[in-house]
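Trainee: Please find one structure pasted underneath; my questions will follow.
The values are calculated or read from the model by the stated rules, or taken from the named source; none is laboratory data. All values derive from a computational prediction rather than experimental measurement. Neighbour counts run over all protein chains shown; Cβ positions are idealised from the backbone, glycine included.
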Amino acid sequence: MQLPTWGVKFNMARERAYYDPAVSSLHNYISARSMDFCECCGLPGAPTIANIAEGKGPRSYIALCSKCCSGSPYLSEKVDWLESNLDTARLLYVTAALISNPDGTVMVCQKSNSLWEFPGGKMNEGEDLGNCLRREIREELAVSIGKLRPFLLVDHDYGHIKLRLFSFTAELSDLSEKIHLHGHINYRFERVENLSTVSFSQADVAIAQRLASQCDVDYIQPVDVRGTTRLV
């Protein structure tokens, strides 16, 4: 069975070195860049590699789901931002886990700056998204997680750092494992309907919004699924 792109080992430098104007090679690169998430709305799936501008290079193509193939006025700007930051190695590929309990609550972790986030971390060369997330959860929480389900891709520009954040839903593999924090100062399992009261890091807000919308819960800010990956 063929793995989705997010299950393929991460080596963006290699992918960028080997793409060429040939459509097949270029499509492989765009698939690796998107990891099988839509680069417009951020939802997972098997996106189409769409040509959005004249030219044959990666700045002319984007991975889109069927709903986003009609286009968006900011797609060219979005791809330029991605490729510019990949050119200068300023775009970090990171992961996040939405770890749920049997009671439907979801784990949030507090950073040293008092903001909260969904646990996860940066991908290393040679890792796929799943291995990265399992390693980060083991390092940060000392627990294991089970099957991962792709949830949402978020691109965020913090100015000093740019993130391409891939989130997945998951559950703890063993509820008897005791959580030990490394890198966070606190954690809790929060009800989805209370996520709007949590002071999230900016990149995690879109994930919380999407999670709330799926559970038919109102969020303080209106949920704009089509704009979840738009740069802010």
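Trainee: Scan the stretch 75-115 for residues that are modelled with pLDDT of 90 or more, surrounded by 13 or more Cβ atoms within 10 Å (Cβ to Cβ) and of a type in the set (Ser, Thr, Tyr) and report the count.
Mentor: Within the stretch 75-115, residues that are modelled with pLDDT of 90 or more, surrounded by 13 or more Cβ atoms within 10 Å (Cβ to Cβ) and of a type in the set (Ser, Thr, Tyr) number 4.
Trainee: For the structure I just gave you, tell me whether PRO119 is within 17 Å of the chain's Cα centre (by Cα) and not basic (Lys, Arg).
Mentor: The answer is yes for PRO119.
Trainee: From (1) in contact with a helix residue (DSSP H, G or I) (Cβ under 6 Å, 6 or more places away or on another chain); (2) exposed (fewer than 11 other Cβ atoms within 10 Å of the Cβ), pick out the condition that doesn't hold for SER176.
Mentor: (1)
Trainee: Can you confirm whether VAL225 is in contact with a Cys (Cβ under 7 Å, 6 or more places away or on another chain), modelled with pLDDT of 75 or more and not hydroxyl-bearing (Ser, Thr, Tyr)?
Mentor: No; evaluated as a whole, the condition is false for this residue.
Trainee: Yes or no: ALA96 in a strand (DSSP E or B), farther than 19 Å from ILE30 by Cβ and in contact with a strand residue (DSSP E or B) (Cβ under 8 Å, 6 or more places away or on another chain)?
Mentor: Details: in a strand (DSSP E or B): yes; farther than 19 Å from ILE30 by Cβ: yes; in contact with a strand residue (DSSP E or B) (Cβ under 8 Å, 6 or more places away or on another chain): yes.
When the stated conditions are applied, ALA96 passes them.
Trainee: Here are some residues: GLY146, GLY126, GLY120. Which one is small (Gly, Ala, Ser) and modelled with pLDDT of 95 or more? Please lay out each step first, then the result.
Mentor: Values: GLY146 fails: modelled with pLDDT of 95 or more; GLY126 fails: modelled with pLDDT of 95 or more.
So the residue among GLY146, GLY126, GLY120 that is small (Gly, Ala, Ser) and modelled with pLDDT of 95 or more is GLY120.
Trainee: For the stretch 138-160, indicate whether the set of residues that are touching a Cys at 6+ places or on another chain (Cβ under 8 Å) and surrounded by fewer than 20 Cβ atoms within 10 Å (Cβ to Cβ) is non-empty.
Mentor: no
Trainee: Yes or no: GLU83 out of contact with any strand residue (DSSP E or B) (no Cβ under 7 Å at 6 or more places or on another chain) and either free of Cβ contacts under 8 Å to residues at least 60 places away in the same chain or of a type in the set (Asp, Glu) (or both)?
Mentor: Yes: the conditions hold for GLU83.
Trainee: Does ALA63 fit the bill of being in contact with an Asp or Glu (Cβ under 7 Å, 6 or more places away or on another chain) and assigned by TED's automatic domain parsing to the domain that holds SER25? Walk me through how you get there before you give the answer.
Mentor: Numbers: in contact with an Asp or Glu (Cβ under 7 Å, 6 or more places away or on another chain): yes; assigned by TED's automatic domain parsing to the domain that holds SER25: yes.
Taking the combined requirement at face value, the residue satisfies it.
Trainee: Can you name the residue in the stretch 40-59 that is among the hydrophobic types (A, V, I, L, M, F, W, C) and outside any loop (DSSP other than H, G, I, E, B) and is also farthest from TYR29 (Cα to Cα) among such residues? Lay out the reasoning, then the answer.
Mentor: Taking the stretch 40-59 as the starting set, the residues that turn out to be among the hydrophobic types (A, V, I, L, M, F, W, C) are 40-41, 43, 46, 49-50, 52-53.
Subset that is outside any loop (DSSP other than H, G, I, E, B): 49-50.
On the way: ILE49: 10, ALA50: 13 Å.
The residue in question is ALA50.
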